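The structure appears right after this line, and notes come after that.
All of the numbers you see were taken from the coordinates with simple rules; none came from a lab. These figures come from a predicted structure and were not determined experimentally. Glycine also receives a Cβ, built like all others from the backbone with ideal geometry; neighbour counts cover every protein chain displayed.
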Ligand code: SF4
Ligand code: F3S
């Protein structure tokens, strides 16, 4: 599976949603997550994210993101259409420590 990491927080560009063939993105207040049991591992979303927030779970250090994606994709609503990112999305792109600062 692929997973969304904290780089998505406060950015939410939603380009990923537009390209996913199986609509497996779920939307929280500050970020999106992927449902790992629905993701077919096609990889098309990874290069589409302007924040480089999406990684394959084969990458080192992604265990905690896999856990977070699994947990919240079961709780948050499905998002199937792209929408405008927050007005200050670009200011939060690449910012450090977003999980501690903004995740609710
Ligand atoms: Fe969707 Fe493919 Fe990305 Fe998985 S890897 S979330 S199936 S676009
Ligand atoms: Fe987030 Fe990137 Fe999608 S910022 S909403 S994972 S395009």
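Before moving on, here are some points about what is shown:
- Take each peptide in 10-21, 88-99, count the other Cβ atoms within 10 Å of every residue, and average; sorted highest first, the result is 10-21, 88-99.
- Dividing the mean sequence gap of close Cα pairs (under 8 Å, 6+ apart) by how many residues the chain holds gives a relative contact order of 44 percent.
- Summed over qualifying helices (DSSP H, 4 residues or more, each -39500 (n - 2.57)) and divided by its residue number, the chain shows a 222 nm mean residue ellipticity of -5500 deg cm²/dmol.
- The simple spin-label model puts a point 7 Å past each Cα toward its Cβ; for residue 46 and residue 63 those points are separated by 2.1 nm.
- The alpha carbons of region 2-81 stretch over 30, 26, 24 Å along the principal axes, in descending order.
- A straight chain from residue 88 to residue 71 at 0.36 nm per residue would run longer than the Cα-Cα distance by 3.4 nm.
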